[in-house]
1. Does region 357-377 contain at least one residue that is over 20 Å from Asn222 (Cα atoms), modelled with pLDDT of 95 or more, surrounded by fewer than 18 Cβ atoms within 10 Å (Cβ to Cβ) and among the β-branched types (Val, Ile, Thr)?
2. So for region 114-121 (the condition being basic (Lys, Arg), away from ligand 1 (no atom under 16 Å from the Cβ) and at negative phi), does at least one residue qualify?
3. Within region 180-221, can you find the residues that are part of a loop (DSSP other than H, G, I, E, B) and within 19 Å of the chain's Cα centre (by Cα)?
4. Ala381 is checked against (1) surrounded by fewer than 19 Cβ atoms within 10 Å (Cβ to Cβ); (2) hydrophobic (A, V, I, L, M, F, W, C); (3) within 26 Å of Leu176 (Cβ to Cβ); (4) out of contact with any strand residue (DSSP E or B) (no Cβ under 9 Å at 6 or more places or on another chain) and fails just one. What number does that condition carry?
5. Residues in region 1-28 that are surrounded by 21 or more Cβ atoms within 10 Å (Cβ to Cβ) and over 20 Å from Glu104 (Cβ atoms): how many?
6. Going by the conditions given, is Ala374 away from ligand 3 (no atom under 15 Å from the Cβ), more than 30 Å from Glu3 (Cβ to Cβ) and more than 20 Å from the chain's Cα centre (by Cα)?
7. Take Phe321 and tell me if it is surrounded by 13 or more Cβ atoms within 10 Å (Cβ to Cβ), of a type outside the set (S, T, N, Q) and at pLDDT below 95.
8. If Leu140 satisfies all but one of (1) more than 11 Å from ligand 1 (Cβ to nearest atom); (2) within 14 Å of the chain's Cα centre (by Cα); (3) surrounded by fewer than 24 Cβ atoms within 10 Å (Cβ to Cβ); (4) of a type in the set (A, V, I, L, M), what's the number of the condition it fails?
Amino acid sequence: MEEINSYIEENKERFLEELFGLIRIPSVSSKSEHKPDMRKATEYIKKSLTDAGADKAGVFPTDGHPVVFAEKIIDPALPVVMVYGHYDVQPAEPLDLWKSPPFEPEIRDGKIWGRGADDDKGQLFMHVKAFEYLMSKGTLPCNVKFMIEGEEEIGSPNLGRFCEANAEMLKCDVILVSDTSMIGRDTPSITTGLRGLSYMEVEVTGPNRDLHSGLYGGAVANPVNILARMIASLTDEKNRITIPGFYDDVIEVSPQEREEMAKAPFDIEKYKKEIDVDELDGESGYSTMERTGIRPSLDVNGIWGGYTGEGAKTILPSKAFAKISMRLVPNQYSKKIDELFIKHFESIAPAGVKVSARVLHGGEGYVSPVDHPAYRAASKAYEDTFGKKPVPFRSGGSIPIISLFENVLGVKSILMGFGLESDAIHSPNENFPLWNFYKGIETIPLFYKYYAQEMM
Ligand code: BES
Ligand code: MN
Ligand code: MN
């Protein structure tokens, strides 16, 4: 598609300036101090969509952060594609590790640097610009809706209800999402699976106050020691999770399917080098791709308690805490896993401490079929712009709302992510290569074209 490339060439500086405007708004959903920024981001996106040619762009309140919705219905007889994305971002801390400030985007080494550059402001903006292009040429081949939410990074607690309440407005044939990554710049891929999530916070309480660790040490249970021991017992020497019943609903992927999956090119040396580890670690009997794609996992995301300030303080802490997440595979249900976890965690608490566990958030995994018109359309689109057929692969990440879309709206999603593993999403120095940004804008219009053809 020649025309799109000249459109990108003529407008690329403006695209970046506009995206930068969005990245400059620190829309961190988890912190209440950013509430006004959430509002600002929605207004910004509403304007971008309106300028691009959308009708009825609006900001819809929820019990949490607002949702932006817009649409362009060119012919009610044609299929409707709904683009989903999120304008909220993860906190930028630790700030001192950023080479340039997280909310002052800049271009270095051919990449856009800033919080949200990839996840998901950069990726959702590709859709706005692809839509703008189609509108400017009058070549939009189907109807389009946009739903951009502001609570993805905190588990989309209000989006399910929003979908139920607005099912008619959100009616569509397929949901198009760019919020995942591809295997590599030279290996276009379509994400066909996401993991579910069960996220807990646990608390271990010992004595009623921090004690002198000389006067009491050795005689009173130390909550931090106990918590460490309890966490260590949650996985065994084969890196399998020890919670009784945890694997009951896990579907074992067939040897044929595993063989098929193993064909996806994966450079293990590059993977290790990129994160600077000498050896990888995970459940025995499975490859790295399988460990993240088709197997569940359990990780401590943070652990604290006692004295962590400068220098030494001799205490036996009163309390210890941890945030523990479990990534789940299709057919495992987060609510059931929450219950199994809580029951087990309380049961392994030794005498001398009190233990409690509560759910922070969670959601279900997703598998998307490859024999779907949207998959075929996406595949053709990538083939045109990358010169290669994309490979299907299951990602280890989670977008819990995707399974909810299927359950509430009855609609499948197609995950056309243009990010790279090296984009450092959620980490300091998040970035998005310009090449990927423009490649996304080039590929998306072709998806619409082939999807409309598939649905004729
Ligand atoms: N965009 C990511 C998910 C993702 C990234 C999936 C790359 C596949 C490849 C999303 O914004 C995210 O971070 N999701 C959270 C889940 C949420 C409930 C906090 C996650 O996976 O931790
Ligand atoms: Mn995301
Ligand atoms: Mn994210």
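The values are calculated or read from the model by the stated rules, or taken from the named source; none is laboratory data. Keep in mind it's a predicted model, so treat the numbers as computed, not measured. A quick note on method: Cβ atoms are made from the backbone with ideal geometry, for glycine too, and the neighbour counts reach across all protein chains shown.
1. So far as region 357-377 goes, yes, one or more of its residues are over 20 Å from Asn222 (Cα atoms), modelled with pLDDT of 95 or more, surrounded by fewer than 18 Cβ atoms within 10 Å (Cβ to Cβ) and among the β-branched types (Val, Ile, Thr).
2. no
3. Taking region 180-221 as the starting set, the residues that turn out to be part of a loop (DSSP other than H, G, I, E, B) are 180, 182-183, 185-186, 188, 195, 206-210, 213-221.
Listed by number, the residues that qualify are Thr180, Met182, Ile183, Pro188, Arg195.
4. With respect to (1) surrounded by fewer than 19 Cβ atoms within 10 Å (Cβ to Cβ); (2) hydrophobic (A, V, I, L, M, F, W, C); (3) within 26 Å of Leu176 (Cβ to Cβ); (4) out of contact with any strand residue (DSSP E or B) (no Cβ under 9 Å at 6 or more places or on another chain), Ala381 is out only on (1).
5. The qualifying residues number 2.
6. Details: away from ligand 3 (no atom under 15 Å from the Cβ): yes; more than 30 Å from Glu3 (Cβ to Cβ): no; more than 20 Å from the chain's Cα centre (by Cα): yes.
Considered against the rule, which asks whether it is away from ligand 3 (no atom under 15 Å from the Cβ), more than 30 Å from Glu3 (Cβ to Cβ) and more than 20 Å from the chain's Cα centre (by Cα), Ala374 comes out as no.
7. No; evaluated as a whole, the condition is false for this residue.
8. (2)
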